[in-house]
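This report refers to the structure that appears directly beneath it.
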Amino acid sequence: MSDVEQVVLLDERAGPVGTAPKSTVHGADTPLHLAFSCHVLDDDGRVLITRRALSKQTWPGVWTNTFCGHPGPGEDLEAAVHRRARVELGLALDDVTLTLPDFRYRAVDASGVVENEVCPVFVAHATGPLHPDPDEVAEWAWVEPSAVAAAVSAAPWAFSPWLGLQVPRLALYDTAARAAR
């Protein structure tokens with residue numbers, strides 16, 4: 001088995017059409033591929049946001065949701081979420097829930113690198129301590145969801161484009177919905 005991380009390539013209807021090494025996929029002409037995003041809450045209802053390491057290929061130094069990743073070929077999405085939480089943040093998760101199964105976006109960063117993903121979105125709860133990998137995460141903070149929503153609205157350029165698209169679609173960032181619970 002190869003140690004090279006593979007991503008699942010997709011056709012325009014989001015059907016798998018092959019695989020490619022992750023290191024070769026992201027560029028100026030990134031093919032559509034499968035990914036996922038996860039927003040993690042603590043016991044106080046705060047969401048963990050992270051600032052991407054400056055060494056990241058796409059959107060270095062940008063604040064974003066808790067973490068993102070790519071499932072491997074044949075890997076269950078929820079299993080991939082658990083795996084990536086351990087790798088990127090040293091974090092165990094509970095109550096992993098798929099909240100936006102059909103989320104898809106395409107964005108181009110300042111260097112010209114394109115993200116082109118079908119990216120189901122999950123919400124989960126943290127169990128245990130956080131141990132971020134500095135090659136993945138430059139900074140992190142537990143923040144009230146309403147403050148994240150306000151910051152993304154006020155300064156969208158400071159956040160990843162996928163977070164900006166996800167926040168208005170996720171109930172956890174809707175203060176009226178949270179107050180009613």
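The values are calculated or read from the model by the stated rules, or taken from the named source; none is laboratory data. Everything quoted here is computed from the prediction, not taken from an experiment. When we count neighbours, we look across all protein chains shown, and the Cβ atoms used for this are built from the backbone with ideal geometry, even at glycine. SASA here: full protein model, heavy atoms, side chains in, ligands and nucleic acids out. Shrake-Rupley method; radii C 1.70, N 1.55, O 1.52, S 1.80 Å.
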What 222 nm value per residue comes from the helices of the chain, counting each DSSP H run with n ≥ 4 as -39,500 (n - 2.57) and dividing by all residues, nearest 500 deg cm²/dmol?
-5500 deg cm²/dmol
When the C-alpha atoms of the chain are aligned to their principal axes, what extent does each axis show, in angstrom, from largest down?
44, 33, 32
Honestly the range 33-111 on the Cα gyration tensor test (a ≥ b ≥ c root eigenvalues; a/c under 1.5 rounded, otherwise a/b vs b/c for prolate or oblate) is just oblate
Quick one: length gained pulling Ser23 to Arg104 fully straight, 0.36 nm per residue minus the C-alpha distance?
27.1 nm
Arg83 versus Arg13, label points 7 Å from Cα toward the beta carbon: distance in nm?
2.7
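Pull out the extension gain between Asp3 and Trp142, defined as 0.36 nm times the separation in residues minus the alpha carbon to alpha carbon distance; nm, one decimal.
My answer for the length gained is 46.7 nm.
Can you work out the accessible area per residue across the range 28-85, with the rest of the protein chains kept in place, probe 1.4 Å, in square angstrom? Kindly include the intermediate steps, with their values, before the conclusion.
Numbers: 2090 Å² over 58 residues.
Accessible area per residue: 36 Å².
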Tell me, how many Å apart are the Cα centres for the range 106-156 and for the range 1-36?
21
Roughly how tilted is helix 145-154, in degrees to the nearest 10 and between 0 and 90, from the longest Cα axis of the chain?
70
Computed over the chain, the relative contact order (Cα-Cα under 8 Å, seq sep at least six) in percent reads 24
Across all directions of projection, what mean area in square nanometres is found for the Cα convex hull of the range 69-118?
4.6
